[in-house]
């Protein structure tokens, strides 16, 4: 009989490839998240632009705009959250397609097929919301949960038998909130219309695809034009009825509609520090609005009476003759020579001032007129938290146009910067032809020292840029 004299306990290796736990780190720097990011194929063309070497291209999102993600993982302007938070009626227009969308093969969000009309079609909030459910892009459970999360009145499946059904505005909002995410970042580049890919079988032009994928950034320090959101052409002073303030207003400050003479201005800390004395030859008109925008070719400060605003001065001390004036923009006060005021009174001529000013939007639709180019919109103060409006521009968090309703902030305003800077207005440019388009003018004397960030804007931008710290996630 054999006797076993040896026993062994061998260690059998199964981890020789060092894969005890798979690597879970995709990338450590999350400022530019990795992924196959594509713009939504249903985004309407916002503008077209021609290039000397490449010809015409169509674009759907401007560089720097705040972006979100759809449930399909596509990148979309975050302003579409407007239809989940601030939209007022089911009949409000949501998406409009035009002949440009037909030409560039844009998908129709209501059908999932190419937009088929060589013309214009507008879809209401209800039509789009119903289509999202009918196409299975938002499920009934998701809409119900979104309604509960946002404290909306609820979502009823019986309200949507057809796209012309009886859906309420809260049900529309719930569908959009389920379809569009909160902001995830800013567009890193101008986004071309989605041209498709051969491997996906959806490329529109067989021989032309300008942009394979795109990128968004989750954090950045930005500088954007500051839009002067409001203006007035009817700030009038009745010089026969408005009596200049008297000298018993020590500690007071100019209020809208008032006229102050030197003796009263000298009693204020602000103007006494600026050199105004009781004997100064100045008179102040107190405008109806403060935070007045600088007078530029784009945002003129004007008076309907000749000779009132003839020569702008950089300080009160330089006002020396009739027609000289100084704009104290922050508090909305125009200081003129006392002879200017005397002439108005003698002729009983009532001046009306027109100007632009910075103010938080008073309505949810008080936003830029177009999607192109990113802006800060409304009144900005360093330290203000950032929200986003219907046009995917930055606004003060929790202001009326903020589609996030202050629910989360995207960063803050760091500081404001005025142009021209670094003597750019003294730099001679090669061309300064009359009637030349803004895109043809090189920053310098041709633009009066303003950078193309201001001169290319299609909105009312005076001389101010906003420097922002953006952190979306």
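The values are calculated or read from the model by the stated rules, or taken from the named source; none is laboratory data. Just so it is clear, the structure is predicted and the values come from calculations on it, not from any experiment. Quick reminder, even Gly has a Cβ in these numbers, built from the backbone with ideal geometry, and neighbours come from all protein chains shown.
Give the residue, chosen from 225, 183, that is at pLDDT 95 or above, under 30 Å from residue 296 (Cβ atoms) and either in contact with a strand residue (DSSP E or B) (Cβ under 9 Å, 6 or more places away or on another chain) or not in a strand (DSSP E or B) (or both).
On the way: 183 fails: under 30 Å from residue 296 (Cβ atoms).
After ruling out the rest, the residue left standing is 225.
Give 58, 88, 68 a once-over and let me know the one that is in contact (Cβ under 8 Å) with a residue 40 or more places away in the chain and part of a loop (DSSP other than H, G, I, E, B). Can you show your working first?
On the way: 58 fails: part of a loop (DSSP other than H, G, I, E, B); 68 fails: part of a loop (DSSP other than H, G, I, E, B).
Checking each option against the conditions leaves just 88.
What residue, of 238, 306, is outside the structural domain of residue 438 (by TED's automatic domain parsing), closer than 30 Å to residue 438 by Cα, out of contact with any strand residue (DSSP E or B) (no Cβ under 8 Å at 6 or more places or on another chain) and assigned to a loop (DSSP other than H, G, I, E, B)? Please lay out each step first, then the result.
Numbers: 238 fails: closer than 30 Å to residue 438 by Cα.
From the options 238, 306, the qualifying one is 306.
Which residues, taken from region 166-180, are at pLDDT below 95 and not in a helix (DSSP H, G or I)?
Passing the criteria: 166, 167, 168.
Being over 19 Å from residue 456 (Cα atoms) and either assigned to a loop (DSSP other than H, G, I, E, B) or touching a helix residue (DSSP H, G or I) at 6+ places or on another chain (Cβ under 9 Å) (or both) narrows it down to one of 369, 422, 429, so name that one. Write out each step before concluding.
On the way: 369 fails: over 19 Å from residue 456 (Cα atoms); 429 fails: over 19 Å from residue 456 (Cα atoms).
Testing whether each residue is over 19 Å from residue 456 (Cα atoms) and either assigned to a loop (DSSP other than H, G, I, E, B) or touching a helix residue (DSSP H, G or I) at 6+ places or on another chain (Cβ under 9 Å) (or both) leaves just 422.
Name the residues in region 254-277 that are in contact (Cβ under 8 Å) with a residue 24 or more places away in the chain and part of a loop (DSSP other than H, G, I, E, B), would you?
254, 255, 256, 257, 258, 274, 275, 276
List pairs: first in region 134-156 and more than 10 Å from residue 173 (Cβ to Cβ), second crowded, with 18+ Cβ neighbours inside 10 Å and at pLDDT 90 or above, Cβ under 6 Å, 6+ apart or cross-chain?
138/132; 138/175; 138/178; 138/179; 142/178; 154/147
Looking at 144, 90, 98 in this structure, which one is within 25 Å of the chain's Cα centre (by Cα), over 16 Å from residue 180 (Cβ atoms) and at pLDDT below 95?
Numbers: 144 fails: within 25 Å of the chain's Cα centre (by Cα); 98 fails: at pLDDT below 95.
90 is the lone residue from the list that is within 25 Å of the chain's Cα centre (by Cα), over 16 Å from residue 180 (Cβ atoms) and at pLDDT below 95.
Examine region 438-460 for a residue that is within 30 Å of residue 177 (Cβ to Cβ) and not in a strand (DSSP E or B), and state whether such a residue exists.
The answer is yes; a qualifying residue exists.
Among the residues of region 91-135, which ones are in a strand (DSSP E or B) and within 30 Å of residue 209 (Cα to Cα)? Outline the logic, then answer.
Residues of region 91-135 that are in a strand (DSSP E or B), as a first pass: 93-97, 107, 114, 121-124.
Scanning region 91-135 gives 94, 95, 96, 97, 107, 114, 121, 122, 123.
Can you spot a residue in region 336-351 that is without any contact (Cβ under 8 Å) to a residue 12 or more places away in the chain and in a loop (DSSP other than H, G, I, E, B)?
Filtering region 336-351 for residues without any contact (Cβ under 8 Å) to a residue 12 or more places away in the chain gives 342, 346-347.
Adding the requirement that they be in a loop (DSSP other than H, G, I, E, B) leaves none.
Looking for residues that are without any contact (Cβ under 8 Å) to a residue 12 or more places away in the chain and in a loop (DSSP other than H, G, I, E, B), one finds none in region 336-351, hence no.
Does region 88-106 contain at least one residue that is closer than 20 Å to residue 187 by Cβ, touching a strand residue (DSSP E or B) at 6+ places or on another chain (Cβ under 6 Å) and crowded, with 22+ Cβ neighbours inside 10 Å?
Within region 88-106 (the criterion being closer than 20 Å to residue 187 by Cβ, touching a strand residue (DSSP E or B) at 6+ places or on another chain (Cβ under 6 Å) and crowded, with 22+ Cβ neighbours inside 10 Å), the answer is yes, since at least one residue qualifies.
Can you pull out the residues in region 211-232 that are loosely packed, with under 14 Cβ neighbours inside 10 Å and over 24 Å from the mean Cα position of the chain (by Cα)?
Kept after step one, since they are loosely packed, with under 14 Cβ neighbours inside 10 Å, are these residues of region 211-232: 212-213, 221.
212, 213 - these are the residues of region 211-232 that are loosely packed, with under 14 Cβ neighbours inside 10 Å and over 24 Å from the mean Cα position of the chain (by Cα).
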